[in-house]
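Presented below is the structure to which this report refers.
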Amino acid sequence: MFDWTKFRTISHLDKKYDDTMTEYYRAFCAMLKRTCGVKLSEEEAAVDLGVEPLGEERARKVLDRIELLSKIREEIVNHPKLDERLKVCQTSADMPDWWIPGQHDKDLLRGVAK
């Protein structure tokens, strides 16, 4: 089950129930997968709320972003060797001067996972 508290506040959907939002999210993900030609599970194929489809390019971008955020939340932030792996982070020209490798990388992962 998802915790919709923060999303509900940000999107001004205060009157929506968690079950309703979860059902729509699942239907939205099923629509994205259908649009991109990704095989659906039986559970996903059974979901149909008439979500208006997106174009294939946009659907692929949204699906990729959802998958990335899910992976960060479910696997990376909870990985038992995360701190050990973050110790090998190095500075990059793309990062601001104040960026402390490892420390700010972990903070960024935590922020994204919220």
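Bear in mind these aren't lab numbers, they're just calculated from the coordinates by the rules spelled out. Everything numeric in this text was worked out from a predicted model, so none of it was measured. Because the Cβ atoms are built from the backbone with ideal geometry, glycine has one as well, and the counts that use them run over all protein chains shown.
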(message) Only Cα pairs within less than 10 Å get springs; with that Gaussian network setup on the chain, which residue of 19, 64, 94 has the largest fluctuation?
(response) 94
(request) Work out which chymotrypsin sites (Phe, Trp or Tyr not before Pro) in the chain are exposed loop sites (DSSP not H, G, I, E or B, at most 12 other Cβ within 10 Å) and give the longest gap free of them. (result) 18-97
(request) Quick one: net charge around residue 77, please, counting Lys, Arg +1 and Asp, Glu -1 for every other residue with C-beta under 13 Å from its C-beta. (result) +2
(request) Using the Cα centre as the reference, give the magnitude of the dipole from point charges on the C-beta atoms of the chain (Lys, Arg: +1; Asp, Glu: -1; all else neutral), rounded to the nearest 20 debye. (result) 160
(request) Mind putting together the pair-distance distribution for the chain? All Cα pairs, 10 Å bins, whole percent per bin, short to long. (result) 12, 31, 31, 20, 6, 0
(request) Give me the angle, in degrees from 0 to 90, between the Cα long axis of helix 56-71 and the longest principal axis of the Cα atoms of the chain, rounded to the nearest 10. (result) 60
(message) Please arrange 3, 97 by how many other C-beta atoms lie within 10 Å of their C-beta, fewest to most.
(response) 97, 3
(message) I need the trypsin sites (Lys or Arg not before Pro) found in segment 20-100, filtered to DSSP loop residues with at most 14 other beta carbons within 10 Å of theirs.
(response) 39, 81, 87
(message) If you only keep lysine pairs separated by 8 or more in sequence, or across chains, how many in the chain come under 25 Å at the Cα atoms?
(response) 26
